[in-house]
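Chemist: Quick one: the structure is below, questions incoming.
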Amino acid sequence: MTKRMFLVCVIMGLTAGWISAQAQPAKVIAIRGAKIIPVVGDDIEGGTIIIKDGKIEAVGKDVAIPSGAEIVEAKGLCAYPGMIDGYSFLGLQEISGVSATVDNRETGRINPQVRAIEALRYDSMHIPIARSNGITAALVAPTGGLISGQSTLIKLDGWTNREMVIKSQAAMQIEFPGIRGGRGGFGGMGRGGAVTADATRLIAELKELFKNARYYQKRKEFAAKNPAAAQPEFQETLEFILPVVRGELTVMISVHSDKDIKAAIQFVKDENLKAVFFGVEQGWKVADDLKKSNIPVIISSLYDMPPVWDDGYDSLFRNPGVLNKAGVKIAFSSVSASVAKDLPYHAAKAAAFGLDKKEALKAVTIYPAEIFGVDKIMGSLEKGKAANIVLSDGDILETRTNIKKVYIDGQETDMSNRYLELLEKFKKRG
Amino acid sequence: MNAIIKNLLISAFVLALIAPPAFSAEGSILIKNGTILTVTKGVMVKGDILVINGVIKQIGENIPAPEGIKVIDASGKYVIPGLIDSHTHIALAGTNEGSEAITPEADVGEVVNADDVSILTALSGGVTMVHTMHGSANPIGGPNVVLKMKWGKPSEELIVHEALRTLKFALGENVKQSSRTITVGGPPPRYPQTRMGTNAIIRREMLKARVYMEEWGRYNKLKASKTPPKNLLPPRKDLRMEVLSDLLRGKIVARCHDYQATEALEFMGLAKEFGFKVQALEHAWEAYKIADELAAAKVGISVFADSWAYKMEAAEGIAYDAGYCAKKGVLVSINSDSGERIRRLFNEAGKSMKYGGLTENEALSLITINPAIQLGVEKIVGSLEVGKQGDIAIFNEHPMSAYTRCEMTIIEGDIYFDRAEYLKDREEAYKKAQAPKKGGRP
Amino acid sequence: MSISKRSCLFGLVFLILAVSGPASADVGPTYAIKNAKIVPVTGPAIDKGVLIIRNGLIEAIGPVDKVTIPEDAEVIEAEGLIAYPGLISAHTNLLLEAPRAETSQGSPEFIAPAAAPQDRPSETPELCAFKLLKPTKAAIDSFLKIGVTTVLVAPNRGIIQGQSVLLNLNGEKAEPMVLKNPVALHINFTTARGTYPSSLMGTIAFLRQSFLDADYYATRQAQYNKVLKGMKRPEYDPFLEALVPYVKEKKPVIFQCNNLEDIKRALKIIDEFKLNALISHANEAWRDVAILKKRPIPLLVTLDFRPPSSSRYVNQGEDLRKKAEAEIYPANAANLTKEGIKFALTTFGLNDGSAVLKNIQAAIKAGLSKEDALKALTVQPAQFLGLVQQLGSLEPGKIANIILTKGELFDEKTQVDKVFVDGILWKF
């Protein structure tokens, strides 16, 4: 072997080690002595979690720790599954008032072709802040218009946006207008009565669009079988709405008033769609209809006023509890980038107004995992799932709780973030 | 016989002394068996508070109930001082005189709107008092006003006259109208459009006020002299200059909307140059960068917990701002600046325990005694002490817990928000809506 | 008597005769309204009476057997009809010419921002409604049809809006209509467009500063006029010049108060500057009768009951809002009567006669008696506007504004049969 080749081998050997260390956590980690809240199943006092190859190898009270494992003493701490944000703008917004830093809203009404993952700024300053509060995954959604685009489900760790992908195209986002009643009730300035939004026209428009998409598909198929036949002209909108129409891509419908929710339920049924609802502020009024439809609900931020006075000052707070008791599957969301870290506090507030505390925790862990179809790999501390684990000094839904460690795919993540950077810098003043 | 009568008289006298105090129905209430967080005098695990005619008369265990008084059972609940939001814009018919840069003659106290349902929103979150203010459209906006959330009372009864008179200043992006696009042929931009222009315009107005005060001083001296000149007329009374004169005389304190560290320091410099008091900086997202300067100058801050990154000047706001500054000796209050967030003031304050390491009581202080001191009303509100006004909120869990909610809000002994009543009304309204309509076929 | 003296005497007599001689052709016919029920308002009703109109004035009123019908009178048979005084609306914006197209925001004609409250580009205290009148028969008919014969017309733009004129609706020419000009200065609690003051608190400061400045201006003017030598003349200011009569001579000012708080704001300013003031609109006067009892002030209460958008009755759910519009606000007048607070009713905000009638009926349904409604549209506005000698009731010597109705006034089915304005029978 020549000297040069030897050097190359050495360099390769070194870098290989570095790369593999980044790509595959080969070591075994044992988190010992924590109070484990697996979310699925009973809590385990003084339990142990074994992490191997990025997955949970074992969870239990008396679990044998393999030799060579890195032991993390967690006595006095709680171990939770990482939380999942049902709807956020993480990575699409830096400074919300500075449009140059905002990428979550495309111009125009109908944009099924745009994909949030393709704009996701993985090194957004908001992601580490959310992550260091125990959030390990999030739906990142485009917004605006009638069809906003395709949302993406990401884990909050990775050196590139693509590394963060759990589901590249998670759902097609469709939005029905909200109830413009805020001004006339709680808005503060007070202006007349509420204007209840009416989605009937929009549903008709979508039905027409879906119908056209189906025919477009048929013409494409015909042309494929008959080379002599003319191909249909390429139509971007129809092309990108097809997966929804075919039932392959979930559609997330942003819907708000009771009337519109019922209309949307019927629409989903008529078109045979795989659907999730988002928002659903008046869902409590039609809880039984929602239960029967089996459509799960992502609750919008609780940091909002009730849409109309008559709903009551606490309607947004009570809503999740009412839906949950009626048997509707719910999950919480931050609807934010800069305050995405508040996800657990939405859940806690709903618990303050009637939602069972255990259900509240599920609604930020296993329920969003189920809703997004990733419950086999996350959402609870169970053997075989990804080692997305949060170690805290208390209830993660509580404001005062401090998060000590956050593991994503078995990797301990960096707990530093923009807040801490600036704090540390100015602490140096003395 | 005389001895018997004498004894009777003595007994009557003694009985009168130990009998429970008489009271009128209004403004009197007895809250029993709650965990009392006084804020300034510790925690009473199980205690009672007696309010008579709007004033806290007694805090202790097993207080006997005066006859006929309204009794609230707070067993298992937390009894805290009514919360004080030191920066809002509710209950006003208008918040900005944006047509010009300098408008201290525009006084929000003249446009109180007691019909604003945001008052009810505030009450539902345990807030009993707010400092409602000008917006941030002007370098010098105008006087603000402190209100009690007495829903249903006439507007003049909401005003808290004991509070310090405050004058709203603003610096930075809003004043510079940074978010406005200049259109060709459209209205020209309003001076100032830079932070240096903002400081310059404030300095200009202070200098003008000095001249105004001098004019009046000279006139008064001449008038009082032995031989006043023949055609002596007073100078023109200028409402704008009157307010600024009062600021320079120390009768009004400045509350300044600021984000950046530099503009804060420079504003404090202006205050020193002209001898006026900066009571607090509003929002102050970079206060942690100059905590020492703020503490030394006794300038307080009134901030958010973590609503940041919506403007460039808010891009370096950190959730540790409140807690860190508090630990450095700055008087910190947390505000809502929002008709929505005003219901969650206690949640926001709670965040300072995690981001900043404040204790429960320190966090609670951020929305009780601290804003009271900033507003100059700490003698009458801000903590649960005998002699203070009966402004009380009752929560079902510790107010710093994310699981808490406000059950009742009391101002000067009168109940202004009662969740139990609200739930009952909802129940009845629901039943009425479900009932079959009259006149139709069964 | 010498020739010169005699000629002087003749000349004098001739002069007097020429001046006071037989009236010109605009005197109009003499009428005798016969057999009507007469409701004078300031006296008991006469079941079967006679009303004599001559020279635009009421000459005589009395029971049929007590009043002689003059030879030159045209007899109007009014059996089955009721005669009332013509109604007075003490605040309207009727008959004003349509405003020029507004300069919208962003259009090239931009009003430069004022540098100080002293710059007042858009306020027009000197503006006379009289100069803006553009009477149309349709508008006049609409009001005469419901029995309104006298209206106060005020300008309707800006904060300090200008001066009103009082008109008898007797034709399409402005001059003969005028009863009094100007009547009062009108001020509205609103904001300026595109300039200072753009907020209500700015408006209040602006009003106070304006009155302070007018007072100061008058003082300096007076001082200057006294000395003339040795003092620099004060700069002429048409705006302040126009305000001085209201601040110094206490000419009447009418504040338009669109909600309860405006009433309080107005009272504060009125008391600070000791203005001679009335309050108009006042549809929330019922909400704080204590203030109005403690400090009485003439109220011109509008029949336009729409609650202000800021009202708590409008912002706490649909049910309450509907109740506010249908029951609570229409009871304003009834509530004031109950509390013994004097007020006149106006048609302010309603430009259509039938809407006015509907609202009067709603006010009556809400508890206002027909008698009190009539008083509030006749003697009370006459009193507030200083017209007691001329209008407000059917009395000899007063102006012959008379309406004859088929049915009792304000009843659903009642129609106005005939209207006399300034003694002339109106042709619809």
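Chemist: Check every one of the strands (runs of 3 or more DSSP E) wholly within the range C:24-63 and list those with 1 or more residues that are under 14 Å from C:Ile76 (Cβ atoms), of a type in the set (Ser, Thr, Tyr) and in the same structural domain as C:Phe410 (by TED's automatic domain parsing).
Modeler: Strands (runs of 3 or more DSSP E) meeting the threshold: C:30-38.
Chemist: Please go through (1) over 31 Å from the mean Cα position of the chain (by Cα); (2) within 17 Å of B:Lys237 (Cβ to Cβ); (3) of a type outside the set (A, V, I, L, M) for C:Tyr236 and return the number of the only condition it doesn't satisfy.
Modeler: (2)
Chemist: From B:Lys230, B:Lys251, B:Lys277, which residue is of a type in the set (D, E, K, R), over 24 Å from C:Phe206 (Cα atoms) and under 34 Å from the mean Cα position of the chain (by Cα)?
Modeler: On inspection, the qualifying residue turns out to be B:Lys277.
Chemist: Can you name the residue in the range C:392-409 that is surrounded by 23 or more Cβ atoms within 10 Å (Cβ to Cβ) and assigned to a loop (DSSP other than H, G, I, E, B) and, of all such residues, is nearest to the chain's Cα centre (by Cα)?
Modeler: Filtering first and then ranking leaves C:Gly392.
Chemist: Filter the range B:31-77 down to residues that are closer than 17 Å to B:Ile380 by Cβ and touching a helix residue (DSSP H, G or I) at 6+ places or on another chain (Cβ under 7 Å) and give me whichever is surrounded by the most Cβ atoms within 10 Å (Cβ to Cβ).
Modeler: B:Val39
Chemist: Within the range C:316-327, does at least one residue satisfy the condition of being free of Cβ contacts under 8 Å to residues at least 12 places away in the same chain and in a loop (DSSP other than H, G, I, E, B)?
Modeler: Checking the range C:316-327: at least one residue is free of Cβ contacts under 8 Å to residues at least 12 places away in the same chain and in a loop (DSSP other than H, G, I, E, B).
Chemist: Looking at (1) surrounded by fewer than 24 Cβ atoms within 10 Å (Cβ to Cβ); (2) within 12 Å of another protein chain (Cβ to nearest Cβ); (3) at pLDDT 95 or above, can you tell me which one A:Leu391 breaks?
Modeler: Failing condition for A:Leu391: (2).
Chemist: Which residue is farthest from B:Ser86 (Cα to Cα), if the candidates are limited to the range B:117-136 and must be outside any helix (DSSP H, G or I) and within 13 Å of chain C (Cβ to nearest Cβ)?
Modeler: Within the range B:117-136, the match that is farthest from B:Ser86 (Cα to Cα) is B:Val117.
Chemist: Let me ask you something else. Can you run down the residue pairs with Cβ atoms below 7 Å, 6 or more apart or on separate chains, where the first is in the range A:144-164 and free of Cβ contacts under 8 Å to residues at least 40 places away in the same chain and under 18 Å from A:Ala337 (Cα atoms) and the partner is aliphatic (A, V, I, L, M) and crowded, with 17+ Cβ neighbours inside 10 Å?
Modeler: Close Cβ pairs (under 7 Å, with a partner that is aliphatic (A, V, I, L, M) and crowded, with 17+ Cβ neighbours inside 10 Å) amount to A:Thr152/A:Ala116; A:Thr152/A:Ile117; A:Thr152/A:Leu120; A:Thr152/A:Val140; A:Thr152/A:Val165; A:Thr152/A:Ala170; A:Gly158/A:Met164.
Chemist: Within the range B:168-180, can one find any residue that is touching a Cys at 6+ places or on another chain (Cβ under 9 Å), more than 14 Å from chain A (Cβ to nearest Cβ), crowded, with 18+ Cβ neighbours inside 10 Å and among the aliphatic types (A, V, I, L, M)?
Modeler: Taking every residue of the range B:168-180 in turn, at least one turns out to be touching a Cys at 6+ places or on another chain (Cβ under 9 Å), more than 14 Å from chain A (Cβ to nearest Cβ), crowded, with 18+ Cβ neighbours inside 10 Å and among the aliphatic types (A, V, I, L, M).
Chemist: Under 6 Å by Cβ, and 6 or more places apart or on different chains, what pairs join a residue from the range A:364-390 that is hydroxyl-bearing (Ser, Thr, Tyr) with one that is in a loop (DSSP other than H, G, I, E, B)?
Modeler: From residues that are hydroxyl-bearing (Ser, Thr, Tyr), the pairs are A:Thr365/A:Val39; A:Thr365/A:Gly379; A:Tyr367/A:Lys329; A:Ser380/A:Pro38; A:Ser380/A:Val39; A:Ser380/A:Val40.
Chemist: Report yes if A:Lys285 is closer than 22 Å to B:Ala420 by Cα and charged (D, E, K, R), otherwise no.
Modeler: Answer is yes for this residue.
Chemist: I need the full set of residues from the range C:260-303 which are acidic (Asp, Glu) and touching a helix residue (DSSP H, G or I) at 6+ places or on another chain (Cβ under 8 Å), in order please.
Modeler: C:Glu261, C:Glu272, C:Glu284, C:Asp288
Chemist: Restricting attention to the range C:182-199, and to residues there that are surrounded by fewer than 24 Cβ atoms within 10 Å (Cβ to Cβ) and facing chain B (nearest Cβ under 7 Å), which single residue is modelled with the highest pLDDT?
Modeler: Here the residue is C:Ser198.
Chemist: On to the next question. Could you list, in sequence order, all residues of the range A:62-92 that are modelled with pLDDT of 95 or more, out of contact with any Lys or Arg (no Cβ under 9 Å at 6 or more places or on another chain) and not hydrophobic (A, V, I, L, M, F, W, C)?
Modeler: Within the range A:62-92, A:Tyr80, A:Asp85, A:Gly86, A:Tyr87, A:Ser88 qualify.
Chemist: Answer yes or no: is there a residue in the range A:327-347 that is in a strand (DSSP E or B) and in the same structural domain as A:Ile127 (by TED's automatic domain parsing).
Modeler: yes
Chemist: Among B:Ala91, B:Ala122, B:Ala114, which is surrounded by fewer than 24 Cβ atoms within 10 Å (Cβ to Cβ) and touching a residue at least 24 places away in the same chain (Cβ under 8 Å)?
Modeler: Result of the check over B:Ala91, B:Ala122, B:Ala114: B:Ala114.
Chemist: Starting from the range A:399-426, keep only residues that are farther than 18 Å from A:Ala74 by Cα and within 9 Å of chain B (Cβ to nearest Cβ), then list their pairs with residues that are assigned to a loop (DSSP other than H, G, I, E, B) and among the charged types (D, E, K, R) whose Cβ atoms are within a distance under 8 Å, requiring at least 6 positions of separation or different chains.
Modeler: Going by the 8 Å Cβ cut-off, the qualifying pairs are A:Leu422/B:Glu316.
Chemist: Also, quick follow-up: I'd like the full set of residues that are touching a strand residue (DSSP E or B) at 6+ places or on another chain (Cβ under 7 Å), assigned to a loop (DSSP other than H, G, I, E, B) and either more than 12 Å from chain A (Cβ to nearest Cβ) or farther than 23 Å from A:Asp395 by Cα (or both), limited to the range B:378-405.
Modeler: Listed by number, the residues that qualify are B:Ile380, B:Val381, B:Gly382, B:Ser383, B:Leu384, B:Glu385, B:Val386, B:Gly387, B:Lys388, B:Gly390, B:Asp391.
Chemist: Kindly provide the set of residues from the range B:143-158 that are within 14 Å of chain C (Cβ to nearest Cβ), surrounded by 15 or more Cβ atoms within 10 Å (Cβ to Cβ) and either of a type in the set (Phe, Trp, Tyr) or not in a loop (DSSP other than H, G, I, E, B) (or both), ordered by number.
Modeler: B:Pro143, B:Val145, B:Leu147, B:Trp151, B:Ser155 - these are the residues of the range B:143-158 that are within 14 Å of chain C (Cβ to nearest Cβ), surrounded by 15 or more Cβ atoms within 10 Å (Cβ to Cβ) and either of a type in the set (Phe, Trp, Tyr) or not in a loop (DSSP other than H, G, I, E, B) (or both).
Chemist: Just to be sure before I move on: is A:Leu316 modelled with pLDDT of 95 or more, in contact with a Ser or Thr (Cβ under 9 Å, 6 or more places away or on another chain) and either farther than 23 Å from A:Ser88 by Cβ or assigned by TED's automatic domain parsing to the domain that holds A:Asp356 (or both) in the structure I sent?
Modeler: yes
Chemist: Another question about this same structure. Name the single residue, out of those in the range B:268-289 being surrounded by 24 or more Cβ atoms within 10 Å (Cβ to Cβ) and of a type in the set (A, V, I, L, M, F, W, C), that is farthest from the other protein chains (Cβ to nearest Cβ).
Modeler: Here the answer is B:Ala280.
Chemist: If I filter the range B:184-191 for residues that are part of a helix (DSSP H, G or I), assigned by TED's automatic domain parsing to the domain that holds B:Arg255 and surrounded by 15 or more Cβ atoms within 10 Å (Cβ to Cβ), do I get at least one hit?
Modeler: No, that holds for no residue.
Chemist: I'd like to check something: does the range B:304-324 contain any residue that is farther than 30 Å from A:Ser96 by Cβ and acidic (Asp, Glu)?
Modeler: No, the range B:304-324 has no match at all.
Chemist: Quick check: anything in the range C:216-226 without any contact (Cβ under 8 Å) to a residue 12 or more places away in the chain and either in contact with a helix residue (DSSP H, G or I) (Cβ under 9 Å, 6 or more places away or on another chain) or within 14 Å of chain A (Cβ to nearest Cβ) (or both)?
Modeler: yes
Chemist: For the condition surrounded by 19 or more Cβ atoms within 10 Å (Cβ to Cβ), more than 26 Å from A:Gly283 (Cα to Cα) and either touching a strand residue (DSSP E or B) at 6+ places or on another chain (Cβ under 8 Å) or of a type in the set (Asp, Glu) (or both), what is the one hit in A:Ser333, A:Ser380?
Modeler: A:Ser380
The values are calculated or read from the model by the stated rules, or taken from the named source; none is laboratory data. Computed from a prediction, not measured in an experiment: that's the story for all the values here. FYI the Cβ positions are ideal-geometry reconstructions off the backbone, even for glycines, and counts take in every protein chain you see.
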